[in-house]
């Protein structure tokens with residue numbers, strides 16, 4: 001065997017050894033662990049939980065906007081985590097995507113996952129007639145304000161038994177106390193008024209509710225529960241830090 005042949009065999013042997021070494025090295029190279037599906041899906045858990053509750057209470061059939069409910073529960077959780085809710089058993093949602101002729105005030109017990117109240121509620125007279133379309137945080141605007149509130153204490157005022165509302169979104173509803181925005185009863189917040197006029201009566205910006213239900217509703221949501229007033233107007237979702 002000449003030198004040329006010997007060199008050729010040696011080269012082939014070295015090549016074979018190198019291939020075997022690389023193959024064995026790849027076999028022992030640590031592969032990335034598979035994605036933790038439970039962790040990946042956990043970011044969707046709150047939304048799935050909210051949708052499950054929304055469906056179980058038949059809120060869509062009752063007219064409550066899905067987006068309104070998702071926003072409400074999202075903001076509620078943030079306020080709860082920050083310790084801003086003294087009464088976190090209930091969540092109230094007013095859905096101004098609905099006309100005033102429909103019951104658009106929803107009070108939900110989050111402990112028992114049940115709907116406690118579903119009733120009429122007025123909007124401000126300068127927010128619109130049948131639909132609430134304009135909103136303001138200004139004094140004497142006589143318009144409703146959107147966003148998240150916590151409920152305050154009760155008192156007896158010119159509208160009788162009433163509930164103070166504390167607007168917690170700066171520039172959106174934080175002048176609620178100053179404006180005297182409260183939940184109170186009104187004879188114009190009734191099915192009879194809707195039947196006679198074709199729309200619900202309007203307030204100076206307060207969410208007024210039917211006389212026959214106002215006391216028990218107020219007592220249920222008083223002292224630190226979460227109230228969310230919704231409209232599909234994008235001006236709110238762009239400003240709010242809670243949705």
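For region 45-239, the relative contact order is 24 percent, taking Cα pairs closer than 8 Å that sit 6 or more residues apart in sequence and dividing their mean separation by the residue count. Compared with the direct C-alpha span, the chain from residue 51 to residue 82 gains 8.8 nm at full extension, assuming 0.36 nm per residue. Subtracting the Cα-Cα distance of residue 177 and residue 115 from 0.36 nm times their residue separation leaves 19.5 nm of extension gain. Between residue 187 and residue 215, the FRET efficiency estimated from the beta carbon spacing at R0 = 25 angstrom works out to 0.95. When both region 118-149 and region 155-227 are represented by their alpha-carbon centers, they are found 11 Å apart. Return the distance in nm (one decimal) between the two label points of a simple spin-label model at residue 170 and residue 140, each offset 7 Å from Cα along Cα→Cβ. In this crude spin-label approximation the distance works out to 2.7 nm. As a proxy for reagent exposure, ranking 218, 108, 213 by other Cβ atoms within 10 Å from fewest up yields 213, 218, 108. From least to most packed, judged by other beta carbons within 10 angstrom and beginning with the fewest, 202, 138 follow the order 138, 202. Neighbour counts of C-beta atoms inside 10 Å place 130, 98 in the sequence 130, 98, starting with the fewest.
Read-outs throughout are calculated quantities, based only on the coordinates presented, and are distinct from any laboratory measurement. These numbers were taken from a predicted model, which means no experiment stands behind them. Glycine also receives a Cβ, built like all others from the backbone with ideal geometry; neighbour counts cover every protein chain displayed.
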